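Working notes, beginning with the structure itself.
The values are calculated or read from the model by the stated rules, or taken from the named source; none is laboratory data. Computed from a prediction, not measured in an experiment: that's the story for all the values here. Methodologically, a virtual Cβ is constructed for each residue, glycine included, from the backbone with ideal geometry; neighbour enumeration extends over all protein chains shown. The accessibility values were calculated without ligands, DNA or RNA, using every heavy atom of the protein model including side chains. Shrake-Rupley method; radii C 1.70, N 1.55, O 1.52, S 1.80 Å.
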Amino acid sequence: GAVVSQHPSRVICKSGTSVKIECRSLDFQATTMFWYRQFPKKSLMLMATSNEGSKATYEQGVEKDKFLINHASLTLSTLTVTSAHPEDSSFYICSAPVRRPNKDGYTFGSGTRLTVV
Amino acid sequence: GQNIDQPTEMTATEGAIVQINCTYQTSGFNGLFWYQQHAGEAPTFLSYNVLDGLEEKGRFSSFLSRSKGYSYLLLKELQMKDSASYLCVSYPGGKLIFGQGTELSVKP
């Protein structure tokens, strides 16, 4: 149980275009979703926290207008990278707390490899 | 603020035991996680410690000392498939804050 489905797994886009990444909780309600990015051989960096029905909370240094996060329902959170540039190329991954984080941890999506050309 | 330190790389031999150390400084301590991540994949949950002491789960054990701001992950009977990045993760205020990860290479 507690599966988060993330799509797409890989995407290549041109500079200046926008890309939407979706994370769906399949068998539980995710009131909170965390969004991370990861550079090669680096750890996950928290970008923002989305809460269903309210505005996302962004970490310091993350551009709100560039990384648009929407959490319109209890089972869907989206991250849109707007006006993408090559430096936005990265591995993006979402995560949601399961019912008992101390027993089961947080569940992660499978990640999205974004390449901007 | 949050600060997590762990070695960048470690190498061990198949069948051996390896200990991966982590020191942390965090406000609002609410426990420590260990995650395993294979390249290009999502992290998978290994353990969670909130009280001092050792938690054992099969081949993997995790230890915590809150007074020392110290944790370790112990992997026994190493297998080739254990080659991965191991992430020490603090848990302040409901958010996961990841350390840089320790890249473990298991050699035959």
Problem set entry | Separation between Cα centres of segment B:87-108 and segment B:1-63, rounded to whole Å | 6 Å
For this session: Cross-chain or 8 or more residues apart, Cα under 25 Å: how many lysine pairs in chain B fit that? Count them up, please.
Result: 9
Exercise. Any idea what the relative contact order of segment A:27-111 is, in percent, if you count C-alpha pairs under 8 Å spaced at least 6 apart?
Worked result: 29 percent
Exercise. Roughly how many whole Å is it from the C-alpha centroid of segment A:52-69 to that of segment A:15-41?
Worked result: 12 Å
For this session: First measure r as the distance between the Cβ atoms of A:ARG99 and B:ALA39, then evaluate 1/(1 + (r/R0)^6) with R0 = 35 Å and state the FRET efficiency to the nearest 0.05.
Result: 0.75
Exercise. Which whole-number percent gives the relative contact order of chain B, counting Cα pairs below 8 Å spaced six or more residues apart?
Worked result: 37 percent
Exercise. Leaving out ligands, DNA and RNA, what percent of the accessible area of the protein assembly as shown is carbon and sulfur, probe 1.4 Å?
Worked result: 49 percent
Exercise. Sorting B:ARG66, B:ARG59 by accessible area (1.4 Å probe), largest first, what list results?
Worked result: B:ARG66, B:ARG59
Exercise. Taking a probe of 1.4 angstrom, what is the accessible area of B:SER27 in Å², to the nearest 10?
Worked result: 60 Å²
Problem set entry | Lys pairs, chain A - Cα-Cα below 26 angstrom, 8 or more residues apart or on other chains | 15
Seminar exercise, completed: Cys in chain A lacking any partner Cβ under 4.7 Å -> A:CYS13
Exercise. How much accessible area is lost when chains B and A come together, counting both sides, with a 1.4 Å probe, in Å² rounded to the nearest 100?
Worked result: 1400 Å²
For this session: Could you work out the mean count of beta carbons from other protein chains within 10 Å of each residue's beta carbon in B:36-47?
Result: 5
For this session: May I ask you to rank A:ASP65, B:ASP82 by accessible area, largest first, using a 1.4 Å probe over the protein chains only?
Result: A:ASP65, B:ASP82
